[in-house]
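Read-outs: derived from the displayed coordinates by stated rules, not from any lab. Keep in mind that this is a model prediction, so the values were computed, not measured. Here the Cβ positions follow ideal geometry from the backbone for every residue, glycine too, while neighbour counts run over all protein chains shown.
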Amino acid sequence: MASKLLRRVLIVSDRSPRPSSRSLPGFTSSRLFSSSNSQPLPATASSPPPPPTTVDPPSSSSASKFGSKIRNDSVRSSIKDPELAKFSAIADTWWDSEGPFKPLHLMNPTRLAFIRSTLCRHFRKDTNSARPLEGLKIIDVGCGGGILSEPLARMGAVVTGIDAVDKNIKIARVHADLDPGTSNIEYSCTTAEKLVEEQRKFDAVIALEVIEHVANPAEFCKSLSALTTPGGATVISTINRSMRAYATAIVAAEYILHWLPKGTHQWSSFLTPEELALILKRASVSVKEMAGFVYNPLTGRWSLSDDISVNFIAFGTKDGQ
Ligand SMILES: C[S@@+](CC[C@H](N)C(=O)[O-])C[C@H]1O[C@@H](n2cnc3c(N)ncnc32)[C@H](O)[C@@H]1O
C-alpha cells in the first residue's frame, strides 16, 4: 500500500540546483511501528523479511568508553555501544577523502544540494545567495568529524554539531578552527536526547547516516522532533532495507570494493522509506520530500534521483507553527 503510494508521488520542481526529489502526499500505512520496540517493521512486499535482530540495550557505560560528558541514565538512550566503537576506531580518518569516509565525502555535494534546496524553499531563502542559510539555527546530529557541519556554517547557518563519540568531536573542533568561516561551530559530545532534556531548539535538525546506528529509531526520531521548533525542518538520510541495498551498500561497498570497513552496516538496521515516514509522522514530523542518491561508477559521482531503493534522504516539517 505504502509502496504504491510512493510510486504515485509528484516530482517537485525547483530552481537550480535542481535535485530530483519526491513530494509525499498524505502518507498512510496500515503497518504498525511500536515506539517501545526497536525491532524493524515487517518487510514490505518488495523487500525480504529481516533476519532476527539483536538490539543492544541502552548502556550508560558509553560514558566511560566514548565520552565522559554523556550520561544517559535519566533518558532513553539512542546509544548502541558496538556502533560507537566502530566510529571511534576510525575517527582519525574523518578528513581523509580517500579513507573509510570517502563515500560520505563524495556524497557531500549532492546531499548539501538537497538540504540547501529544501531549507531555502521552506524558510523562503534565496538559494542563489552566497550564504543562503544565513540566520538559521541548525543542528547536525551525529556530525562525526564535521564534514557536513562545516559547509552548512559556510552557507551562513549557526551550526551546532553533536556526536556521541568524543574523538569525533575533538577532530571536528580542530578542523573547524582552521578556518574563520567555520570556527564558530558549536561542537559537543552529547546525544539528541540529552539536548532535549536541556530544552534546546533549532530551526532545522539534520541527522545524516545516523539512524541506522542508533538503538531505537522511533525514540531517536522523537528526540529529533523535540529539538525542532514547531514549523521547523527535520532532514534524515539513511539506507533502505531492500535487497539492492544489501547487494550494493553491504556486499559491494564493504566486501568487494572495500569502501567501508566490513561490518559497518547491519542490513536489519536499515529502514524503508515508508517506515521512516511513519515513525517521523508519529513524532509529529510530516515528510514532504524524498530523494534517492545514486552512484555513477563511470564518473565516480553521486546524484539525486527518484530511485530511493538504496540511499535516500527525507525532508519533513514539524507540525505546529
Ligand atoms: C555514518 S556516520 C555519519 C556522520 C555524519 N552525519 C555524516 O553523514 O557525515 C554516523 C555518526 O553518528 C554517530 N552516532 C552514532 N550513534 C549516535 C547517537 N546515538 N548519538 C549521536 N551520534 C551518534 C557516530 O559516532 C558517527 O559519527
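Numerical summary
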read-out: Calculated FRET efficiency for the pair A85/L298, C-beta based, R₀ 30 Å, to 0.05; value: 0.25
read-out: Longest to shortest principal axis, alpha-carbon extents of the stretch 76-318, angstrom; value: 44, 39, 39
read-out: Cα-based reach from K137 at 22 Å (exclusive), listing lysines while leaving out same-chain residues under 8 positions away; value: K125, K170, K194, K201, K222, K288, K318
read-out: Packing rank of 250-257, 224-231, 143-150, where each peptide gets the mean count of other beta carbons within 10 Å, highest leading; value: 143-150, 224-231, 250-257
